[in-house]
Amino acid sequence: MPDIKVYTLLVELGRRDGDGLPDDATGGAMLIYAAGQDEAEAVRETVAILKQADLNPIEVTGHGSLDERLAEGHEIPGEERALMQRALDENAVIVAQSEPLFGGDTLSEDDWAYSG
């Protein structure tokens, strides 16, 4: 059985009744750490959980596992590593950051806490 790893995912959300986003938001975005045997499993689990929470995930961008990110030269601060460890320990999906998007907002990786 493959080892479980934690993957960094950036999820773009569309609107859905009851999604909890501000009325004037056009969607939202979430930075997520998700455990899985591979990135595809982490994405599937994340999408399923977000849908159960009445959210509307429309695009998921994977940024790799901790080891892959370190190999790419990403600096990963302790707080981020702690959230990743929690996702691993609990075999869970952890929302690290969530932001509503408005009108002309675009989803830019520069806006997120992780150093991607």
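No lab work stands behind these numbers, since they all come straight from the coordinates. All of these numbers come straight from a predicted model, not from anything done at the bench. All Cβ positions, even for glycine, are placed from backbone atoms using ideal geometry, and neighbour counts span all protein chains on display.
Here are a few things to note about the model shown:
- Mean sequence separation of contacting Cα pairs (under 8 Å, at least six apart), scaled by the length of the chain, corresponds to a relative contact order of 37 percent.
- Here the translational diffusion coefficient of the chain follows from Stokes-Einstein with Rh set to the Kirkwood radius across Cα pairs; for 4 °C and 1.567 mPa s it amounts to 89 µm²/s.
- Residue-span extension gain [ALA71 to ASP38] - 0.36 nm each, minus C-alpha spacing: 10.2 nm
- Stokes-Einstein, applied to the Kirkwood radius of region 48-91 over Cα pairs at a viscosity of 0.890 mPa s and 25 °C, places its translational diffusion at 197 µm² s⁻¹.
- Here's how it looks for ASN56: its modeled amide H is under 5 Å from those of GLY14, which are all 5 or more places away or on a different chain.
- Cβ-derived FRET efficiency at R0 22 Å, ASP54 paired with ARG86, nearest 0.05: 0.40
- With Cα atoms, 0 to 90° folded angle of helix 39-52 axis to the chain main axis: 40
- Cα long-axis angle, helix 78-90 against the chain (0 to 90 degrees, to the nearest 10): 80
- Cβ crowding within 10 Å averaged over residues, with 6-12, 26-32, 37-43, 65-71 ranked highest first: 6-12, 26-32, 37-43, 65-71
- Considering only VAL60, VAL43, ALA96, the residue lying farthest towards the positive end of the dipole of the chain is VAL43, judged by Cα position with unit charges set on Cβ.
- Between amide H atoms placed 1.01 Å from N, distances below 5 Å from LEU101 occur with THR26, GLY27, GLY28, ALA29, all of them 5 or more places distant or on a separate chain.
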